[in-house]
1. Please find, among B:210, B:222, the residue that is among the charged types (D, E, K, R), within 14 Å of residue B:101 (Cβ to Cβ) and either surrounded by 12 or more Cβ atoms within 10 Å (Cβ to Cβ) or away from every other protein chain (no Cβ under 14 Å) (or both).
2. Checking residue A:158 against (1) farther than 26 Å from residue A:44 by Cα; (2) at pLDDT 95 or above; (3) of a type in the set (Val, Ile, Thr), only one condition comes out false. Which one?
3. Could you tell me which of the residues B:47, B:80, B:65 is buried (at least 24 other Cβ atoms within 10 Å of the Cβ) and under 30 Å from residue B:150 (Cβ atoms)?
4. When residues of the stretch A:348-369 are filtered for being more than 16 Å from residue A:281 (Cβ to Cβ) and within 21 Å of the chain's Cα centre (by Cα), how many remain?
5. Look through the stretch A:373-395, keep the residues that are among the hydrophobic types (A, V, I, L, M, F, W, C) and under 13 Å from the mean Cα position of the chain (by Cα), and return whichever of them is surrounded by the fewest Cβ atoms within 10 Å (Cβ to Cβ).
6. Tell me the helices (runs of 4 or more DSSP H) entirely within the stretch A:302-405 that contain at least 3 residues that are out of contact with any strand residue (DSSP E or B) (no Cβ under 7 Å at 6 or more places or on another chain) and of a type in the set (Ser, Thr, Tyr).
7. Return the only residue of A:81, A:63, A:122, A:127 being without any contact (Cβ under 8 Å) to a residue 60 or more places away in the chain, of a type in the set (Asp, Glu) and either under 18 Å from residue A:269 (Cα atoms) or within 14 Å of chain B (Cβ to nearest Cβ) (or both).
8. Inside the stretch A:282-304, can you point out the residues that are within 28 Å of residue A:271 (Cα to Cα) and either touching a residue at least 12 places away in the same chain (Cβ under 8 Å) or not assigned by TED's automatic domain parsing to the domain that holds residue A:361 (or both)?
Amino acid sequence: MIKQWFVWYSKKQQDKDTLKSPNMNFQFTEEQLMIQQAARDYAQRELIKDVIERDEKAIYPTEHIRNLSELGFLGMLVAPEYDGSGMDTISYVLAMEELSKVDSSIGVIISVNNSLVCYGIEKYGSEEQKQKFLKPLARGEVTGAFLLSEPGAGSDATSQQTTAIDMGDHYLVNGVKNWITNGNSASTYIVIAQTDREKGHRGINAIIVDRHSEGISLGPHENKMGMRSSDTHSVQFTDVKVPKENRIGEDGFGFKFAMKTLEGGRIGIASQALGIASGAYELAVKYAKERKTFGTEIINHQAIAFKLSDMATQIEAARFLCLKAAWLKDQGQAYGIASAMAKQYTADMAMQVTTEAVQIHGGYGYVKEYHVERLMRDAKLTQIYEGTSEIQKIVISRAIANGDI
Amino acid sequence: MRLLVCISSVPDTTSKIKFTDDSSRFDDSGIQWVINPWDELALTRAIELKEDNTNPVTEVVVITIGTFQTEPTLRKCLAIGADKAVRIDIEPLDAYQTASQLAAYIKNEEFGFIICGIESGDYNEASVGGMLAELLDFVSVSSVSSVRFNKDQPIFQRDVANGKEELSVNGTAVLIVQKGFASVPKIPNMRGIMTARSKPLELIKASSSKSLIKFVNYHSPKEKEAVQMLESSDELVEKLSKEAKLI
C-alpha cells in the first residue's frame, strides 16, 4: 500500500515539475488579435456587399480572392522562406472564423489552399516542388485543389479508380475525380491516384498536376445547395502526362499523404463551421433584440432566450475544440484525434445552431436577405466534406478502442 | 520628406460606455482600444503618399500620448505601414496637455507636414490639431479632404460650399483631416503584422505640461422608453396634452 502511494506520489511530483511552465493560456497574442481583426474588417466591410448575389448566381469571388491574397490569407500558414505569411494555426482558426461568419465559400477556398495544398507540399514535397509550386500558391498568385474523391470513392478513399501508371520517365493519369473545390479556378492540382493496384493503398501516389495539362477536362460547375460561390467540378483525366518529379514523397506514399494532410484540413473546416455558426448566432441575437412580439423584444421570451443560451455555449465549446487542435499542431504534437473531434462536433453544432437561427428569425429567416438561410445551407456541407461526421466518429472511436485516448 | 500622423487610442466604437462609481471618470475596464477612426484614415493616406514613388514622402512616423496600454494601437499603426512610432509616456488629461506634449516633441524634429484627425472618437473635442499649430506657430489647415503633390510642394484640398479649394502654405502645416481623406482605412497585411515588432517604437519621457480642464461629472443619457401603441387619436391628444404637456 505504502509502495503504491509512493509510486503515485513521485509520479505526481514529476507531473508537477513538467507543469511548471504556463501551459494553459487563453490569452491571444497581439499579432493573433490583429489577424482576427483584419479578417473581420475585410469580411464585414467587403464580403458582405455581394455575398448574397454571389451565392444566388454561383459566382466565384475572383476579386476577393485577389484582395485576400494581397493581405496574406491564401498562404498564411506557409513559412516566409516560401513566400507565405508564416502564421500559426491559432491565427488560422481566428481568421477562418471571421471570414466564414460572412462568407463560408471564401472560407473553403482559403482552407483548401492552406491546409491541403500548401501544407501538403510544404510538409512532404521536395525542395524543387516547393520552389516551383508552393511559392506561387503561398503568394496567392494561383490557387490549388486537392483531388481525392471519386464517383465511387468518397469516405472509402482506398478504392481509388484513377490511375497514374509509371511509364518510366512520366506518369500517365486516367480517371475521374469528383466534388473538386477550386476545380476550375485552381492552377495546381494535387491528384491522388493508384499506381500499383496489387499493393492496395500502398500502391497509391500523390502527384502535382498542372491544371492546364493536355487531357484534363472539367465537368460543369456543380449546382450546389450551399457554398455556391466556390467552384466545384468533376475533373476528367485522359492520358495526362505528368513528370515523375511531381510525385510527392516516396513511391506508394500517396494514401498516407492524403490521410495526414486531411488531419490538418479538418482544423480549417472545423473553423469554417465555427464561423458559420457564430455568424448565424450573432444575427439571431441582433434580431432577437429588435423584433418584438406580445409587447416585448423576443429575447425576453424564455423560448428564444434559452435557444440563444444553448447556441452561445455550444459555439464556445466548439471554439475550444478548434483552438485545442490548432494549438497541438503548433506545438508539433499529434493532433489527428483532436482535429477529428473539432470537425465532427463543430460541423454538427453549426447545423443545429444555424437551424435555430432561422427559427428565431421566423419567416424572415426563410428569405435570402436575412443571411441565416444561406448559413444554414452552407453548414450542411461542413458535415459532409473533408471526412463526413460519421468518418470522424470512426477516427475517434478507433482511437478509443486502440487505447490512444 | 517625413510625415507625422498624430494617433489617439480610443475605445472601439461598439464598446459599452460606463463610468466609475462617482461618475467622474470613464471606466475603461474590458474596453478594446483601437486607432481613432479619423487618425486611421490620416495614416492610410500618409502611407499611400509614401507608397507612390512620384511623391517626395520617404517616412511616415506616428505619435501618441499615453501609457503602455496604447502600445498595441501603435503597433497596429506599424503593421498598417508606418515606419516608426513614438509614445510620450503620460496619461493624456485634456486637449491642451496633449497638444503641449506633441509640440515639445515636434519642435526638435523635421516634418514636411503633420496630420491630425479632426477629432477623437471618445471625447470629440476637436481641439488638439488647432492647439498644436498655435503652440508651434505652424499653419493650421482645417477640414482637409485630400492632399496631393505638385513636385515637392504639397497641395491641400478643402471642401467648401459648392466646390473645393486648393491651397499650399508657407512653412509647416498641421492638417486637420475629415472623413474622405482616404476612402477606407487600410487593413494591415500579414507581412506588416509580423514585422510590426521589429520596427522602432521610441519611448519619450513626458515634458512638464499642465492640464487646464478637470472633468467633474459624466451623465449617461436617459434610457429610451418603450414605444407605446395607441388605440385612438383621442388617446394621442390626451397624452400629448396631459403627459407630454406639448399641446
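The values are calculated or read from the model by the stated rules, or taken from the named source; none is laboratory data. The structure presented is a predicted model; accordingly, all values stated were derived computationally and were not measured. Using ideal geometry, Cβ is built from the backbone for each residue, glycine included, and neighbour counts are taken over all protein chains shown.
1. On the way: B:222 fails: within 14 Å of residue B:101 (Cβ to Cβ).
Criteria check complete, one pass: B:210.
2. Of everything listed in (1) farther than 26 Å from residue A:44 by Cα; (2) at pLDDT 95 or above; (3) of a type in the set (Val, Ile, Thr), residue A:158 misses just condition (2).
3. Details: B:47 fails: buried (at least 24 other Cβ atoms within 10 Å of the Cβ); B:65 fails: under 30 Å from residue B:150 (Cβ atoms).
Answer to the check: B:80.
4. Number satisfying all stated conditions: 0.
5. Step one: filter the stretch A:373-395 for residues among the hydrophobic types (A, V, I, L, M, F, W, C), giving A:375-376, A:379, A:381, A:384, A:391, A:394-395.
Narrowing further to those that are under 13 Å from the mean Cα position of the chain (by Cα): A:379, A:381, A:384.
Values: A:379: 29, A:381: 27, A:384: 15.
Only one residue fits best here, namely A:384.
6. Details: elements: A:302-330, A:336-361, A:372-382, A:389-401.
Helices (runs of 4 or more DSSP H) meeting the threshold: A:336-361.
7. Values: A:63 fails: either under 18 Å from residue A:269 (Cα atoms) or within 14 Å of chain B (Cβ to nearest Cβ) (or both); A:122 fails: either under 18 Å from residue A:269 (Cα atoms) or within 14 Å of chain B (Cβ to nearest Cβ) (or both); A:127 fails: either under 18 Å from residue A:269 (Cα atoms) or within 14 Å of chain B (Cβ to nearest Cβ) (or both).
That would be A:81, the only listed residue that is without any contact (Cβ under 8 Å) to a residue 60 or more places away in the chain, of a type in the set (Asp, Glu) and either under 18 Å from residue A:269 (Cα atoms) or within 14 Å of chain B (Cβ to nearest Cβ) (or both).
8. As a first pass, look at the stretch A:282-304 and keep what is within 28 Å of residue A:271 (Cα to Cα): A:282-289, A:299, A:304.
A:282, A:283, A:284, A:285, A:287, A:288, A:299, A:304, listed by residue number.
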